[in-house]
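Participant: Could you have a look at this structure, given as structure tokens, before my questions?
The values are calculated or read from the model by the stated rules, or taken from the named source; none is laboratory data. All figures in this text were calculated on a predicted structure; none of them were measured in a lab. As a convention, Cβ positions derive from the backbone with ideal geometry for all residues, glycine included, and neighbour counts pool all protein chains shown. SASA here: full protein model, heavy atoms, side chains in, ligands and nucleic acids out. Shrake-Rupley method; radii C 1.70, N 1.55, O 1.52, S 1.80 Å.
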Amino acid sequence: MTPLLQVKGIEKRYGARIGCADVNFDLYPGEVMGIVGESGSGKSTLLNCLAGHLAPDAGQVIFDTRADGPVDTVTMSEPARRMLGRTDWAFVHQHARDGLRMNVSAGGNIGERLMAVGARHYGDIRDRAVDWLDRVEIAENRVDDRPSAFSGGMQQRLQIARNLVTEPRLVFMDEPTGGLDVSVQARLLDLLRGLVRQMGLSALIVTHDLAVVRLLADRLMVMKDGHVVESGLTDQVLDDPQHAYTQLLVSSVLQV
Amino acid sequence: MSISAQKKMPMIELSGVAKSFVLHNQGGAVIPVMAGADLSVAPGECVALTGASGAGKSTLMRMIYGNYRANAGRIMVGGTDVASAEPREIIALRREVLGYVSQFLRVVPRVPTLDVVAEPLLALGVAEESARARAAELLARLNIPERLWPLSPTTFSGGEQQRVNIARGFAHDYPALLLDEPTASLDPVNRAVVLELIEAAKARGAAIVGIFHDAEARARVCDREEDVSVFTPQAAA
């Protein structure tokens, strides 16, 4: 099987300081990988390098495209990379307002991504928007409301609908449940798990919440000071951590 | 190879398995817990792990599941070496071949009990309707009242959670099963149901490794016992 994503030697520096360095991994279709580490460990820098939001200083991010097979997205043209960002890739931001157009209706937010890939029939676009609102548990009668009138949890679900409507194959998520209260988090986790299974999505999830990765991610990568210190099966890394930093991280979690 | 010889091919086979824990944040203390562990379980066979508390029964079981990393040796389960396999190979093995009934139920909050039990089948691509039907059948058999099925098991009693966990572990007919105290905290009626489930799994050819403190249950379903304390490294070393 060809990996969906091959990451080779990714490095990003901010002047003399290391953002992330020497990151290597393969992600296969249907796999969900968590990236954990404390603030400043380089996990968000890495995610942004992989998603094409930041240009890495070294390394390759090879994506298995539908048309041309594996292609290095770091060196591909800007329009080609942007096209990928609208079709096979999706990015779920921590703050929904970074991923939504706040002055456009909920239906418009979903429809916009469809139109970006060529959908033109108004009725079809609206039908698909309503279908996706339903899948993320937002009532149909909210289709014409702006996201500014939504709660934080609803905004996050709308952002997910907007991202998944074009049926991407790879989803990047930056703290998708951060800032939401725990009952809303649980609902979002359940929703994400269901969508990942039904659509066969691959996902990279950056979070500092070990409980979230335990429930969502098959694999886990632990970062410290810009470097990957440990990686493996999620429950193995959490239950039998090998590296000193991972042991500290796991033993620092408060028990409820 | 003759059919009878094929039948004898072990489903689970450990050789020379060793494990030690290194506690980096406690002065780098090294705690050797197991060395030279060998175990072989054929299809249709149930082996009980025995030994005093702390002898390493759970550790060995967790290593077979890939939850703990082995420092040495081979852990073959249905042709995959868990000790050296890639995460995605272990994930596939757990989905299709290797089931595990732990003592603790870990679920996404808010997810209904029926879906918790059906999930292993859905992950295998079984249609929702038949996955739910199978889940309902197991929950009914384990005497979980139907009015609880739409609720999350997180608020259930210990015994109820244990039974939900067992239903989930038996939803798919895994060729290999790990059972950690499956009859603990169960009343006699449900204990009997669980023992019947284990016997049925053996009859269809599942290879089972279990920890049973319940001696009577162990005597009824297990074909032999393996004392793990012989794998405990000597303190003198």
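Participant: What number, rounded to the nearest 500 deg cm²/dmol, is the helix-based mean residue ellipticity at 222 nm of chain B, given -39500 (n - 2.57) per DSSP H run of at least four residues and division by all its residues?
Facilitator: -11000 deg cm²/dmol
Participant: Let me ask you something else. Convert 20 °C to kelvin, take the viscosity as 1.002 mPa s, use the Kirkwood radius over C-alpha pairs of the stretch A:41-172 as Rh, and evaluate the Stokes-Einstein diffusion coefficient in µm²/s, rounded to a whole number.
Facilitator: Once the numbers are plugged in, D ends up at 137 µm²/s.
Participant: What is the magnitude of the charge dipole of the stretch B:144-212 about its Cα centre, with +1 placed on the Cβ of each Lys and Arg, -1 on the Cβ of each Asp and Glu, and no other charges, expressed in debye to the nearest 20?
Facilitator: Around 100 debye, computed over the stretch B:144-212.
Participant: Just how large is the dipole of chain A about the Cα centre, in debye to the nearest 20, putting +1 at every Lys and Arg Cβ and -1 at every Asp and Glu Cβ?
Facilitator: Dipole magnitude for chain A comes out near 620 debye.
Participant: How much of the DSSP bridge set in the protein assembly as shown is antiparallel, in percent, rounded to the nearest 5? It would help to have the intermediate numbers written out before the result.
Facilitator: On the way: 38 of 71 bridges.
Within the protein assembly as shown, antiparallel bridges account for around 55 percent of the total.
Participant: Output the Cα-based Rg and Dmax of the stretch A:23-100 in Å, rounding Rg to one decimal and Dmax to a whole number.
Facilitator: Using the Cα atoms of the stretch A:23-100, the pair Rg, Dmax is 13.2, 38 Å.
Participant: What is the Cα coordinate range of the stretch B:1-158 on the first, second and third principal axes, sorted by size from largest, in whole angstrom?
Facilitator: 54, 49, 31
Participant: Hand me the chymotrypsin sites (Phe, Trp or Tyr not before Pro) from the stretch B:72-177 located in a DSSP loop with no more than 12 other Cβ atoms within 10 Å, in residue order please.
Facilitator: In loop regions of the stretch B:72-177 (DSSP not H, G, I, E or B), the sparsely surrounded chymotrypsin sites (Phe, Trp or Tyr not before Pro) are B:Phe104.
Participant: Moving to a separate point now. Set the Förster radius R0 to 45 Å, insert the Cβ-Cβ distance between A:Ser77 and A:Ala149 as r into 1/(1 + (r/R0)^6), and round the FRET efficiency to 0.05. Don't jump to the answer; show the numbers that get you there.
Facilitator: Values: r = 39 Å, r/R0 = 0.86.
It comes out at approximately 0.70.
Participant: How much length is gained on full extension from A:Ala55 to A:Met102, taking 0.36 nm per residue of separation minus their Cα-Cα distance?
Facilitator: Result: 14.2 nm gained on full extension.
Participant: Shape verdict for the stretch B:174-229, please, from the Cα gyration tensor: rounded (a/c under 1.5), prolate (a/b greater than b/c) or oblate.
Facilitator: oblate
Participant: Then there's this: What is the Cα convex hull volume of the stretch A:97-159 when expressed per residue in Å³?
Facilitator: 74 Å³
Participant: How many lysine pairs in the protein assembly as shown, separated by 8 or more positions in sequence or lying on different chains, have Cα atoms less than 17 Å apart? Please list the in-between numbers first.
Facilitator: Values: A:Lys8/A:Lys43; A:Lys12/A:Lys43; A:Lys12/A:Lys224; A:Lys43/A:Lys224; B:Lys7/B:Lys202; B:Lys8/B:Lys202; B:Lys19/B:Lys57.
Within the protein assembly as shown, the lysine pair count is 7.
Participant: Rounded, prolate or oblate, given the Cα gyration tensor of the stretch B:54-138, with a/c below 1.5 counting as rounded?
Facilitator: On the way: a/c = 2.75, a/b = 1.75, b/c = 1.57.
Cα axes put the stretch B:54-138 in the prolate bin.
Participant: Would you mind working out the magnitude of the charge dipole of the stretch B:8-112 relative to its Cα centre, with +1 at each Lys and Arg C-beta and -1 at each Asp and Glu C-beta, to the nearest 20 Debye?
Facilitator: I would put it at about 360 debye.
Participant: Can you give the angle from 0 to 90° between the axis of helix B:87-96 and the longest principal axis of chain B, with both taken from C-alpha atoms, to the nearest 10?
Facilitator: 50 degrees
Participant: Computing the accessible area with a 1.4 Å probe over protein heavy atoms, can you report the carbon and sulfur percentage for the protein assembly as shown? Walk me through the numbers before you get to the answer.
Facilitator: Values: 10960 of 21820 Å².
Carbon plus sulfur share of accessible area: 50 percent.
Participant: Which whole-number value in Å³ per residue fits the convex hull of the alpha carbons of the protein assembly as shown?
Facilitator: Per-residue hull volume (Cα only) is 178 Å³.
Participant: Here's another thing I want to ask about it. Express the C-alpha Rg of chain A as a ratio against the empirical globular expectation 2.2 N^0.38 Å, rounded to two decimals.
Facilitator: 1.01
Participant: Relative to the compact globular guide of 2.2 N^0.38 Å, what is the alpha carbon radius of gyration of the stretch B:120-181, as a ratio? Please report the intermediate quantities before stating the final value.
Facilitator: Working: Rg = 11.8 Å, N = 62, 2.2 N^0.38 = 10.6 Å.
Dividing the Cα radius of gyration by 2.2 N^0.38 Å gives 1.12.
Participant: Given that compact globular proteins tend to follow 2.2 N^0.38 Å, what is the ratio of the alpha-carbon Rg of the stretch B:33-92 to that value?
Facilitator: 1.15
Participant: Ignoring the sites themselves, what is the longest stretch of chain A with no GluC sites (Glu not before Pro) in a DSSP loop and at most 15 other beta-carbon atoms within 10 Å?
Facilitator: A:138-256
Participant: With everything on Cα atoms, drop me the angle between helix B:188-203 and the longest principal axis of chain B, reported from 0 to 90° to the nearest 10.
Facilitator: 70 degrees
Participant: Can you find, among B:Pro153, B:Phe231, B:His172, the residue sitting farthest towards the positive end of the charge dipole of the stretch B:84-237, where Lys and Arg contribute +1 and Asp and Glu -1 at Cβ?
Facilitator: Farthest along the dipole direction, towards plus: B:Pro153.
Participant: A follow-up question, please. What Kirkwood hydrodynamic radius do you get for the stretch B:1-80 when you take the inverse of the mean 1/r over all pairs of distinct Cα atoms, in Å?
Facilitator: Numbers: mean 1/r = 0.0713 Å⁻¹.
Hydrodynamic radius (Kirkwood, Cα pairs) of the stretch B:1-80 is 14.0 Å.
Participant: Mind jotting down a quarter of the surface of the convex hull over the alpha carbons of the stretch A:1-40, in square nanometres, one decimal? Provide the component values of the computation, followed by the final result.
Facilitator: On the way: hull surface 14.1 nm².
Value for the stretch A:1-40: 3.5 nm².
Participant: Is the C-alpha gyration tensor of the stretch A:95-244 telling us rounded, prolate or oblate? Criteria: a/c under 1.5 is rounded; beyond that, a/b larger than b/c is prolate, otherwise oblate.
Facilitator: prolate
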